[in-house]
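Enquirer: Sharing a structure, written as structure tokens. Questions coming.
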Amino acid sequence: MTHFHFSLRHHDAGTAARRGEFSTPHGTVQTPGFMPVGTQGTVKGVTIDQVAASGAEMILGNTYHLALRPGHQTVRRLGGLHGMTGWKGPILTDSGGFQVFSLEAIREINEEAATFRSHIDGAIIRLTPEHSIEIQESLGSDVAMVLDHVVALPAERHEVIDAMERSIRWARRCLDAATREDQARFAIVQGGLDVELRQQCASELSSMDFEGFAIGGLSVGEPPPEMYRITEATCPYLPAEKPRYLMGVGTPVDLLESVARGVDLFDCVMPTRNGRNAMAFTDQGKIKIRNAVHREDIRPLEASCPCLACRHSRGYLRHLFVAKEMLGPILLSIHNLTYYQRLMAGVREAIEQDLLGEFIASKKAGWASSPSSS
Ligand SMILES: [Zn+2]
């Protein structure tokens, strides 16, 4: 496999953090890195040029949503996800598993397939590991995720074991079904909040020929310290020379804590979802821009931020939300995407200087200073 390469440039002296580069057919991603989520072939509310301007290098598409609408064959005929959306950089697609299980669309799960009901037209659909790979090959993403069996937590231990073991068997089937050499496959570690199961799953998947490894089934409502505990226990059982991706994470502090435990890649809807809901991330904590205190505030969200939103005053941004103008959610989405990318750029620089611990402490102190405006 020559299309993909992960090179580690530096290890932080004080933590398990790594500074690396992940090369794909559509370009190189600096790690640790954050991927904005483009659920339906669009990062909600922003153009691909605005996504690129935020500093993002790789985005995520959702197989479940795209397979139902417009359909993966249609996406393929429109030039794949790259041709359809115009995004020139790397794209990662999930396997559909998380949506199938989390949307409670699931009707039956057995060794062969997950059977679920479409949330669009109610049609019954069977998703097998092979079909998930076939769909992702049609979408033409740079990285395809294996179909995994996700259980809602808390769950009985035997259920967690059953889902973990099935996820390993399905990972093998995904690998066997894959035909595209220009698409990498990432395996997904399951095992709930049980360290022993997580490590067993990580070890078994590590013996297979994947280009990267994800930690799945976290950030689903468990307390953050639990997520950090599982991440810390799992990373050492994954191959050091391959990228590690923590799925669906998270808040700014989650990113920092997880990078310090050895994670390289993240994705989350939080920057855009919170932006649409009038909440902006800053180094001084979250700002709820609708609050009356911002009515005549002439300051930008952050003086140091180069984004489009920060050319305007907080007073104007508040007005846009109060007046229900669509530009408000757009601008706050752009700011939050930019905030996440600047945070990760700071993380990478701190790792290079062996200063990640200090960087995390200073960010946490800023967030805890919590503005009167929030
Ligand atoms: Zn900004």
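Readers should treat all values here as calculations from the given coordinates under stated rules, not as data from a laboratory. Since we're looking at a predicted model, the values are computed, not measured. With ideal geometry, Cβ positions are generated from the backbone for all residues, glycine too; neighbour counts draw on all protein chains shown.
Enquirer: Using label points projected 7 Å from each Cα along Cα→Cβ, tell me how many nm separate residue 162 and residue 209, to one decimal.
Expert: The two pseudo-label positions are separated by 3.3 nm.
Enquirer: Tell me, what ³J(HN,Hα) does each residue in segment 316-321 have, in order and in whole Hz, if you take phi through Karplus 6.51 cos²θ - 1.76 cosθ + 1.60 with θ = phi - 60° and put x for Gly and Pro?
Expert: With the stated coefficients, segment 316-321 comes to 5, 4, 4, 4, 4, 5 Hz.
Enquirer: Turning to a different aspect of this structure: Using the Karplus curve 6.51 cos²θ - 1.76 cosθ + 1.60 with θ = phi - 60°, work out ³J(HN,Hα) for each residue of segment 356-363 in order, rounded to whole Hz, and write x for Gly and Pro.
Expert: Values, residue by residue: 4, x, 5, 4, 5, 4, 6, 5 Hz.
Enquirer: Which Cys residues of the chain have no other Cys Cβ less than 4.7 Å away and so no disulfide-compatible partner by this rule?
Expert: For the chain, the answer is 174, 201, 235, 268, 307, because their Cβ atoms have no other cysteine Cβ under 4.7 Å.
Enquirer: Additional query: 5 Å is the cut-off here: which amide hydrogens, built 1.01 Å from N in the peptide plane, fall below it relative to residue 31, excluding neighbours closer than 5 in sequence?
Expert: 20, 21, 22
Enquirer: Quick one: compute the contact order of segment 275-368, relative version, from alpha carbon pairs under 8 angstrom and 6+ residues apart, as a percent.
Expert: The normalised contact order for segment 275-368 reaches 33 percent.
Enquirer: Could you count how many Lys pairs in the chain have their Cα atoms under 23 Å apart, skipping same-chain pairs fewer than 8 positions apart?
Expert: 10
Enquirer: Can you tell me the dipole magnitude for the chain around its Cα centre, using point charges on the Cβ only (Lys, Arg +1; Asp, Glu -1), in Debye to the nearest 20?
Expert: 1500 debye
Enquirer: For segment 275-368, build the charge dipole from Cβ charges (+1 Lys, Arg; -1 Asp, Glu) around the Cα centre, then report which of 338, 362, 291 sits farthest towards its positive end.
Expert: Of the options given, the answer is 291.
Enquirer: With n ≥ 4 as the cut-off for DSSP H runs, can you work out [θ] at 222 nm for the chain, using -39500 (n - 2.57) per run divided by the number of residues, rounded to the nearest 500?
Expert: The helix contribution divided over the chain gives -12000 deg cm²/dmol.
Enquirer: Here is a follow-up. Pick out, from 73, 158, 243, the residue whose Cα sits farthest towards the positive end of the charge dipole of the chain, with +1 on the Cβ of Lys and Arg and -1 on the Cβ of Asp and Glu.
Expert: Toward the positive end, the furthest listed residue is 73.
Enquirer: So how far, in whole Å, is the C-alpha centre of segment 204-240 from the one of segment 52-94?
Expert: 25 Å
Enquirer: Connecting C-alpha atoms closer than 10 Å in a GNM of the chain, tell me which of 54, 207, 313 has the biggest fluctuation.
Expert: It is 207.
Enquirer: Here's a follow-up. Size of the dipole of segment 275-368 about the Cα centre, Lys and Arg at +1 and Asp and Glu at -1 on the beta carbon, nothing else charged, in debye to 20?
Expert: My answer is approximately 540 debye.
Enquirer: Separate question: Tell me, what ³J(HN,Hα) does each residue in segment 24-38 have, in order and in whole Hz, if you take phi through Karplus 6.51 cos²θ - 1.76 cosθ + 1.60 with θ = phi - 60° and put x for Gly and Pro?
Expert: 9, x, 10, x, 10, 10, 7, 10, x, x, 10, 9, x, 9, x
Enquirer: If you wrap a convex hull around the alpha carbons of the chain, what volume per residue comes out, as a whole number of Å³?
Expert: Each residue corresponds to 131 Å³ of Cα convex hull volume.
Enquirer: Compute the long axis of helix 157-177 from its Cα atoms, compare it with the longest principal axis of the Cα atoms of the chain, and write down the angle in degrees, 0 to 90, nearest 10.
Expert: It works out to around 80 degrees.
Enquirer: So what is log10(I(q)/I(0)) for segment 275-368 at q = 0.15, 0.26 1/Å, when the Debye sum runs over its Cα atoms only?
Expert: For segment 275-368 at q = 0.15, 0.26 Å⁻¹, log10 I(q)/I(0) is -0.58, -1.31.
Enquirer: Any idea what angle helix 224-234 forms with the longest principal axis of the chain, computed on alpha-carbon atoms, 0 to 90 degrees, nearest 10?
Expert: 50 degrees
Enquirer: Would you mind checking segment 287-312 for residues with the amide N under 19 Å from a putative spin-label position 7 Å along Cα→C-beta of residue 325?
Expert: Counting only backbone N, you get 288-302, 307-312.
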